[in-house]
Amino acid sequence: MPPLTIAILFVLGMVLGGFGGLFGIGGGLIAIPVLGLAFGMDQQLAQGTSLVMIVPNVALGFWRYRQRVGVDLRVAATLAICAVVASYLSARFATQLDAGKLRAAFAGFIVALAVYYAIRVLRGLRPRTERPKTERKPLEWGWTSIVGIVGGLLSGMFGVGGAVIAPPALTTFFGFTQAEAQGLALALIGPGTVIALATYARAGEVDWGMGLPLAAGGMIGIYAGVAAAHKLPEAKLRLLFCGLLVATAAMLIAHG
C-alpha cells in the first residue's frame, strides 16, 4: 500500500476515533459508509474492516469513560456477557447476506434511530410547564440483559448497532445519564466486537492492510472525543449524535 494511502487512513482513523469517543460508538458508524464510498468496499467488507479499528477504540474508550464519568461494572459485565453469543450468531448470518440488502437494512436502522433521537431532543427543548410531571421509575439493573442481547444482535449484524441502540435504552429505561450510557455501550460491544471481527475475518471480509492504519489513528483520536463528551451538555450531545446519524444514513443511501 502506498505511504500516502497509509497516511490518509491514519488521519481518517484519528477523525473517526474522535467521533467514536464523543458518541461512544467506536468510530465504526461513520467508518462503514466512508469505506464504501471512498474505497469501493461492499457492505460486508466495510463492516469487517471497520471492526479492526473498533476493537482497540472500544477498549480505550471504555477505560477513559470509566476514568472520567464512572461506569457501573455490574451492569457493564451483564451487557458484555449477554452480547457475546448474540454477536457471534448475527455476524455469521450477516456474512451470508446480499451486500445491497444488508446496506439497505443498515440505512433503515440508522434513519429510524435518528428519528427517535430527534423526538427525544425536541421533547427536551419544551418548556418545563409543558413537560409531563410524572417520571418513569428506572428498571432494575438485571433487565439490562435484554439490552445486551439486542445490542449484541445488532453489533454482529451491522458492526456498530449495539453501541448506537444502548445509550437511548439505558437513559430512557434505567436512568443513566447520556455520558454514563455511552460508557456502558462500549462495555456492551467490547467482547462482541472481538467475536464479530473473528467471524468476518474467517469469512474473508476484512482488509487488514487498511484496517490497521485506521486503528492506529483511532487510538489517538478517541482521547479527544471522550474529553469533549465529558464537557458537553447532555442535550447538545444528543443533538449532535442525531445529526451524525442523519449524515451516516445519507452516505449509505448515496453509496447504494
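Please go through the range 1-15 and pick out each residue that is assigned to a helix (DSSP H, G or I) and over 26 Å from Gly152 (Cα atoms). Write out each step before concluding.
Restricting attention to the range 1-15, the residues satisfying the condition of being assigned to a helix (DSSP H, G or I) are 3-15.
Hits for the range 1-15 are Pro3, Leu4, Thr5, Ile6, Ala7, Ile8, Leu9, Phe10, Val11, Leu12.
Counting only residues that are in a helix (DSSP H, G or I) and either farther than 27 Å from Ala76 by Cβ or of a type in the set (Phe, Trp, Tyr) (or both), how many does the range 16-48 have? Break it down stepwise before answering.
At the first step, the residues of the range 16-48 found to be in a helix (DSSP H, G or I) are 16-23, 28-39, 43-48.
Narrowing the set further to residues that are either farther than 27 Å from Ala76 by Cβ or of a type in the set (Phe, Trp, Tyr) (or both) leaves 19, 23, 33-39, 43-46.
Residues in the range 16-48 being in a helix (DSSP H, G or I) and either farther than 27 Å from Ala76 by Cβ or of a type in the set (Phe, Trp, Tyr) (or both): 13 in total.
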Exercise. Just checking, how many residues over the range 62-78 are in a helix (DSSP H, G or I), of a type outside the set (Phe, Trp, Tyr) and touching a helix residue (DSSP H, G or I) at 6+ places or on another chain (Cβ under 7 Å)?
Worked result: 7
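Of a type outside the set (Val, Ile, Thr) and under 15 Å from Tyr200 (Cα atoms): does that describe Ala38? Write out each step before concluding.
Details: of a type outside the set (Val, Ile, Thr): yes; under 15 Å from Tyr200 (Cα atoms): no.
Considered against the rule, which asks whether it is of a type outside the set (Val, Ile, Thr) and under 15 Å from Tyr200 (Cα atoms), Ala38 comes out as no.
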For this session: Starting from the range 95-106, keep only residues that are over 13 Å from Gly156 (Cα atoms), then list their pairs with residues that are of a type outside the set (Lys, Arg) and surrounded by fewer than 19 Cβ atoms within 10 Å (Cβ to Cβ) whose Cβ atoms are within a distance under 6 Å, requiring at least 6 positions of separation or different chains.
Result: Ala99/Asp42; Arg103/Gly256
For this session: Give the number of residues within the range 66-78 that are closer than 17 Å to Thr171 by Cα and without any contact (Cβ under 8 Å) to a residue 24 or more places away in the chain.
Result: 1
Problem set entry | Candidate set from the range 190-227 (those that are within 14 Å of Arg92 (Cα to Cα) and among the hydroxyl-bearing types (Ser, Thr, Tyr)); member that is surrounded by the fewest Cβ atoms within 10 Å (Cβ to Cβ) | Thr199
Seminar exercise, completed: Result of the Cβ filter at 8 Å on the range 203-224, keeping first residues that are hydroxyl-bearing (Ser, Thr, Tyr) and partners that are surrounded by 24 or more Cβ atoms within 10 Å (Cβ to Cβ), at least 6 apart or interchain, is Tyr223/Gly21
For this session: Evaluate the following for Leu29: is it aliphatic (A, V, I, L, M) and under 14 Å from the mean Cα position of the chain (by Cα)?
Result: yes
Exercise. Quick check, is Ile81 part of a helix (DSSP H, G or I), of a type in the set (Val, Ile, Thr), touching a residue at least 40 places away in the same chain (Cβ under 8 Å) and surrounded by fewer than 20 Cβ atoms within 10 Å (Cβ to Cβ)?
Worked result: yes
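Every number in this text was worked out from the coordinates using simple rules, so none of it is lab data. Predicted model only: the values in this text are computed from it and were never measured. In this analysis, Cβ positions are derived from the backbone assuming ideal geometry, glycine residues included, and neighbour counts consider all displayed protein chains.
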